[in-house]
Amino acid sequence: MARCIMTFVATILLAAGVQAQTRQSEEMAYRVKDQAFNHSQVEGISHFITDRLGSRLAASKQKMRAEKLVTDTLKSFGFDNVHTEFAFEFTKGGWDNEKNYVAMTAPYYCSFAANPKAWSGSTDGLVTGDCILLEATDTTSLSNYRGKLHGKIVIMPIAREYELSFRPMAKRYTDEELSEMTKDNRPSNPWGRWSSGSNKGLQQAIDSLIKAERPLAVIVGDGTFNIPGSRGVNYKVGDPEPVPEIVLPTEDHGRMVRLLKGGDEVKMELDVRNTFTDNQKINNIIAEIPGTDPKLKNEVVLIGAHLDSWHGGTGGADNGSGCITMIEAMRILKALDIKPRRTIRLALWGGEEQGLYGSRGYADHKLYDKAQKKKLPEYDDFALYLNMDFGSGRFKGVYMEEDDMAYPYFEAWKQPLVSLGFDTFSPMSVGSTDHVSFTRLGLPAFQFIQDPLDYFRAYHTTMDTYERLSLDDLKVNAAIVAWLAYSAAMDDGRIPVKPGYPKTSQK
């Protein structure tokens, strides 16, 4: 009898579990795909996010301009509760590049594709100067440069030698690679231990020397194929304006290093103007399709991507592509006039590139009070977060964040998406983007597995523009997000919080 009872209970529990993951109708799947593929607005949204908005460095005047234009556009789509909301204090303040001319004038003339480091200072108009190569392996050898840098243009040594690569410029995942991702490697800790290997003491000494001697500028190499990278310097509002720091591509920087080592006299002329603004706020942009179920409407299915970018390009792959996908997914659902049971909320985060500030602020204000070590009202209403931030490539599946409880839901929701190639669920946890602000609280938040395309060649460089977007991939991605968000908003059940969370030791 006991065995019969246990079998009966197990059957009931199994049935309840299956019922908790609700599969939506094929008719609705057809409507989502029809809207995504036959009535797409991806091309127009892509042009808007990249070409029209331009670069969107955190707290910059360009970013503030973008916030206004984006909120106006989201309102034009008819979304509810469209607004910007404060997320985080940002002591670096705003910074914008307004002029940028960099050239070598001796031993011969050559203009360079250059990119000033964000939050670095300006030159005093057009300046010319002799270049000096600063090669120091320790603080003792660094002392040889004291009194020699003022009025010079400091060329930093080559940090990484260029190596010929035989990898294709862009690629898609193979079936074998996707299959390998589905294996659970947690016992073997595949990430191992990471170490930067950098000499922080020496770098701090170099920074102090530069600050004391005030050379005309500092030149570093970063980026290949004559494309400079985008980086920033340490600065906070109220500090003295830093020395101008300029990034050159590996090829141009390496040329000057070799000339100087070979004994040639190298000169440069520079005209760089950067402006600082006392805008110490990181904002997020929010829009919604409100829930309609009296019992579930306060629960939130959140989808998002970061709107901020580095200043060199227009943030096409990183992360205009994510914003385009999420806006188009919301547009699809709005065009279909759906009435979700749960609220579907779009968040376009600010300050991701400087430290996940936008999503961290959202979590701190709405979900979990770290100081009081207690849940906030929206924690228990958090149903799901879907994030996109790995470039423009097509979605192949989801990194499941070691969340075994989420598998049954995605398995139920994926059926209309398998024909689009969406069928890989990897146990892996991945980092470095906005979903981490929620996974650290044990909440169901996920990043998509995406074809890499040419993301790692282009991101964080001046090359990250509209041309890095694969519009067909973005159409597929938007359809997938729309379907998953709809499915999660309509499901009888929802993915539970991980056991033991939120941990009272959250920092």
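The values are calculated or read from the model by the stated rules, or taken from the named source; none is laboratory data. The shown structure was predicted, so the numbers you read here are calculated from the model rather than taken from an experiment. Because the Cβ atoms are built from the backbone with ideal geometry, glycine has one as well, and the counts that use them run over all protein chains shown.
For segment 425-445, a tally of residues being polar (S, T, N, Q) and either in a loop (DSSP other than H, G, I, E, B) or within 15 Å of the chain's Cα centre (by Cα) (or both) returns 4.
Restricting S419, S437, S432 to those that are out of contact with any Asp or Glu (no Cβ under 6 Å at 6 or more places or on another chain), more than 21 Å from A317 (Cβ to Cβ), of a type in the set (S, T, N, Q) and without any contact (Cβ under 8 Å) to a residue 40 or more places away in the chain reduces the list to S419.
Applying the criterion of being farther than 24 Å from S55 by Cβ and in contact (Cβ under 8 Å) with a residue 12 or more places away in the chain to the residues of segment 98-125, the residue that is surrounded by the most Cβ atoms within 10 Å (Cβ to Cβ) is M104.
If you filter segment 379-418 down to residues that are in contact with a Leu (Cβ under 7 Å, 6 or more places away or on another chain) and part of a loop (DSSP other than H, G, I, E, B), you find that the one that is nearest to S437 (Cα to Cα) is G391.
Screening the candidates L443, L420, L453 for the property of being in contact with a helix residue (DSSP H, G or I) (Cβ under 6 Å, 6 or more places away or on another chain) and either within 24 Å of M28 (Cα to Cα) or assigned by TED's automatic domain parsing to the domain that holds L356 (or both) yields one hit, L420. Looking across segment 410-446, just one residue is of a type in the set (D, E) and touching a His at 6+ places or on another chain (Cβ under 9 Å), and that is D434.
Could you list, in sequence order, the residues of segment 298-309 that are over 10 Å from the mean Cα position of the chain (by Cα) and either in a helix (DSSP H, G or I) or not acidic (D, E) (or both)? Once the filter is applied, which keeps residues that are over 10 Å from the mean Cα position of the chain (by Cα) and either in a helix (DSSP H, G or I) or not acidic (D, E) (or both), segment 298-309 yields N298, V300, V301, L302, I303, G304.
For segment 176-210, the tally of residues that are at pLDDT 55 or above, under 27 Å from F422 (Cβ atoms) and either in a loop (DSSP other than H, G, I, E, B) or among the basic types (K, R) (or both) stands at 5. Residue count for segment 128-150, restricted to those that are surrounded by fewer than 13 Cβ atoms within 10 Å (Cβ to Cβ) and under 15 Å from V243 (Cα atoms): 1.
With assigned by TED's automatic domain parsing to the domain that holds Q204, part of a loop (DSSP other than H, G, I, E, B) and β-branched (V, I, T) as the only criterion, which of T105, T137, T128 stands out?
Values: T105 fails: part of a loop (DSSP other than H, G, I, E, B); T128 fails: part of a loop (DSSP other than H, G, I, E, B).
When all the criteria are applied, what remains is T137.
Return the pairs, sorted by first residue and then second, in which the second residue is at pLDDT below 95 and surrounded by fewer than 24 Cβ atoms within 10 Å (Cβ to Cβ), the first residue lies in segment 297-318 and is more than 27 Å from N274 (Cβ to Cβ), the beta carbons are less than 9 Å apart, and the residues are 6+ apart or on different chains. Within 9 Å, the pairs are N298/P377.
Considering segment 391-410, and only residues there that are under 19 Å from the mean Cα position of the chain (by Cα) and among the hydrophobic types (A, V, I, L, M, F, W, C), the residue that is surrounded by the most Cβ atoms within 10 Å (Cβ to Cβ) turns out to be F395.
Per-residue answers, yes or no, for (1) among the aromatic types (F, W, Y); (2) in the same structural domain as R331 (by TED's automatic domain parsing); (3) buried (at least 22 other Cβ atoms within 10 Å of the Cβ); (4) in contact with a strand residue (DSSP E or B) (Cβ under 7 Å, 6 or more places away or on another chain):
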residue: D389; (1), (2), (3), (4): no, yes, yes, yes
residue: A412; (1), (2), (3), (4): no, yes, no, no
residue: P416; (1), (2), (3), (4): no, yes, no, no
residue: V430; (1), (2), (3), (4): no, yes, no, yes
residue: V436; (1), (2), (3), (4): no, yes, no, no
residue: Q447; (1), (2), (3), (4): no, yes, yes, yes
residue: A478; (1), (2), (3), (4): no, yes, yes, no
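Applying the selection to segment 58-93, what residues are in a strand (DSSP E or B), among the hydrophobic types (A, V, I, L, M, F, W, C) and either outside the structural domain of G315 (by TED's automatic domain parsing) or surrounded by 17 or more Cβ atoms within 10 Å (Cβ to Cβ) (or both)? Matches in segment 58-93: V82, A87, F88.
The lone criterion from (1) loosely packed, with under 13 Cβ neighbours inside 10 Å; (2) part of a loop (DSSP other than H, G, I, E, B) left unmet by I227 is number (1).
Every listed requirement among (1) modelled with pLDDT of 95 or more; (2) surrounded by fewer than 18 Cβ atoms within 10 Å (Cβ to Cβ) is met by F456 save one, (1). Looking across segment 324-354, the residues that are touching an Asp or Glu at 6+ places or on another chain (Cβ under 8 Å) and assigned to a strand (DSSP E or B) come down to T343, I344, R345, L346, W349. Within segment 249-264, the set of residues being part of a helix (DSSP H, G or I), of a type outside the set (A, V, I, L, M, F, W, C) and crowded, with 20+ Cβ neighbours inside 10 Å comprises T250, D252, H253. If the condition is being of a type in the set (A, V, I, L, M) and under 31 Å from the mean Cα position of the chain (by Cα), then segment 257-289 contributes V272, I282, I285, I286, A287, I289. All conditions but one from (1) outside any loop (DSSP other than H, G, I, E, B); (2) surrounded by fewer than 22 Cβ atoms within 10 Å (Cβ to Cβ) apply to Q372; the one that does not is (1).
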